[in-house]
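Right, one structure below, let's go through it.
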Amino acid sequence: MSATADPAAASASPAAGIEIRPATADDWPGMWAILEPVIRAGDTFTWDRGTTEDDARARWFKDAPGQAFVAVRDGQVLGTGELHANQGGGGSHVANAGYMVHPDHGGKGLARALCAYSLDAARAAGFRAMQFNAVVESNVRAVAAWQAMGFEVLATIPEAFNHPTLGYVGLHLMYRKL
């Protein structure tokens, strides 16, 4: 699946030599090496900072039409993402996704490439839109990246996230059609 099928994502192509593909069980150690420090930091994801590895794995790997995916270069996992239905039943046509990138590879467009991949995968799975329920407003790099990918902030829930150093900050609800 190409990470560039969406015009808004055309500039999100990862650097040469990076492949984005569905994750396998063999990828988990590299994925956990990325997820664990992000979860423990508690400043960008709403997950409990004490989430265990088993719980994280169960949350990250989704049944179809969801999926976990990775960005790899030379066998090393540089970033990971997951895609799933945002709601069940009558809301199951809207996707949701999350992404984490190894800190050594941040700021290089990898999160945008993971997002582009997920938009393509969501479209191919029959989703009609994608919604992010909880983008921490102080995570300005992520907010800017998702806006560049065609998402708009529909609402901000004031003080909905207790940031470990900033205190209570807002959570953005972001959305885009596919």
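Every read-out reported here was derived from the displayed coordinates using simple, explicitly stated rules and does not represent laboratory data. Please read all numbers here as calculations on a predicted model, not as lab measurements. Cβ placement follows ideal geometry from the backbone for every residue including glycine, while neighbour counts extend to all protein chains displayed.
Tabulated data
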read-out	value
Sorted by Cβ neighbour density within 10 Å, fewest at the top, the residues Ser118, Ser138	Ser138, Ser118
Length added when fully stretched, Ala41-Tyr168, from 0.36 nm per residue minus Cα-Cα	44.2 nm
Ascending count of other beta-carbon atoms within 10 Å, so fewest first, for Trp60, Trp47, Trp146	Trp47, Trp60, Trp146
Cβ crowding within 10 Å averaged over residues, with 105-114, 61-70 ranked highest first	105-114, 61-70
Percent antiparallel among DSSP beta bridges (both partners in the chain, rounded to 5)	95 percent
Cα→Cβ-extended label distance, 7 Å offset, between Glu19 and Glu159, nm	5.0 nm
Footprinting exposure proxy for Tyr99, Tyr168, Tyr117 (fewest neighbouring C-beta atoms within 10 Å first)	Tyr168, Tyr99, Tyr117
Rough spin-label spacing in nm, given labels placed 7 Å along Cα→Cβ, for Ser92 and Glu152	2.9 nm
Net charge of Cβ neighbours under 11 Å - reference Val94; Lys, Arg +1; Asp, Glu -1	+3
Positive-end residue, region 7-128 charge dipole about Cα centroid, Cβ charges, pick of Ala116, Leu83, Gly17	Ala116
Calculated [θ] (222 nm, deg cm²/dmol) that DSSP helices of n ≥ 4 give over the chain, each run adding -39,500 (n - 2.57)	-8000 deg cm²/dmol
Net charge contributed by nearby residues that have their C-beta within less than 11 Å of Phe69 (K/R +1, D/E -1)	-2
